[in-house]
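The values are calculated or read from the model by the stated rules, or taken from the named source; none is laboratory data. Here the structure is a predicted model, which is why all the values come from computation and not from measurement. Neighbour counts are summed over all protein chains in view; Cβ atoms, including those assigned to glycine, are modelled from backbone coordinates with ideal geometry. Calculation scope for accessible area: heavy atoms of the full protein, side chains included, ligands and nucleic acids excluded. Shrake-Rupley method; radii C 1.70, N 1.55, O 1.52, S 1.80 Å.
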Amino acid sequence: MKRSLHSVEKIPLPMGSLLEQYVMGEDFLDSYAVSAHVPVRQAAEEIVRFPGWARLLVGLRNVLTAPFGLSANGPEAPDKLGVFPVEAETSDEIIAGFDDRHLNFRVSVLSRDGSVTLSTWVRPHNAAGRIYLCAILPFHIAIARDAVRRVARLADVTPP
């Protein structure tokens, strides 16, 4: 699918994504894609390199959720992208995330056919998880769209 330079498009989960195995019923799932020829690991590392405004929002989230025992740094793992433990990696996709008390979540970074897609899957466990998801959703969308836009800009300076 051809996209204009740096144009972020909301798309369905790409066919064959490893994230397909998680999705059921009422789960939250979104995917944002840009045209970019960037290796998957490099794209994923750029995605978790949050700009200052996003780090500020994440810091605020950590302060507000600390009394509820929500994880700020994610579980220990031998391979992490930011705070997210890497669960699976192929030549074109990385799955990272973890299960928490209030919800399970995974992110997929897929670099295939000149496109990079960031997909997020969330399964809330209870009312607290659903409230949390609703509260952070506008910020998640802004951060995700910005992340894939930055990958497209990275592609401008990285030889294919």
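From the Cα gyration tensor of the stretch 99-144, with a ≥ b ≥ c the square roots of its eigenvalues, which class applies: rounded if a/c is under 1.5, or else prolate if a/b is larger than b/c, or else oblate?
On the way: a/c = 4.49, a/b = 1.94, b/c = 2.31.
In terms of gyration-tensor shape, oblate.
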How do the peptides 86-92, 139-145, 23-29, 39-45 rank, highest first, by the average count of neighbouring beta carbon atoms within 10 Å per residue?
-> 39-45, 139-145, 86-92, 23-29
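Under a Cβ-only charge scheme (Lys and Arg +1, Asp and Glu -1), can you give me the dipole magnitude of the chain about the Cα centre, in debye to the nearest 20?
It comes to approximately 560 debye.
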If you roll a 1.4 Å probe over the heavy atoms of the protein chains, what accessible area per residue do you get for the stretch 87-128, in Å²?
-> 37 Å²
Candidates Pro85, Pro138, Pro51, ranked by Gaussian network fluctuation over the chain, Cα under 10 Å, top entry = Pro138
Calculate for the chain the 222 nm mean residue ellipticity that helices alone would give, adding -39,500 (n - 2.57) per DSSP H run of length 4 or more and normalising by residue count, nearest 500 deg cm²/dmol.
-> -11000 deg cm²/dmol
Once you have the Cα-Cα distance between Val48 and Leu60, take 0.36 nm times their residue separation minus that, and quote the gain in nm to one decimal.
-> 2.6 nm
Calculate what fraction, in whole %, of the accessible area of the chain sits on carbon and sulfur atoms when a 1.4 Å probe is rolled over the protein chains.
-> 62 percent
Candidates Ala77, Ala147, Ala33, ranked by Gaussian network fluctuation over the chain, Cα under 10 Å, top entry | Ala77
Would you be so kind as to identify all helices of the chain, as entire DSSP H runs, whose Cα atoms reach 18 Å or more along the helix's own axis and whose mean Kyte-Doolittle hydropathy is at least 0.0?
-> 52-65, 127-157
Taking a ≥ b ≥ c as the square roots of the eigenvalues of the Cα gyration tensor, with a/c under 1.5 meaning rounded and otherwise prolate when a/b exceeds b/c and oblate if not, the chain is prolate
Quick one: if you stick a label point 7 Å off each Cα along the C-beta vector at Cys134 and Met24, how many nm between them?
-> 2.4 nm
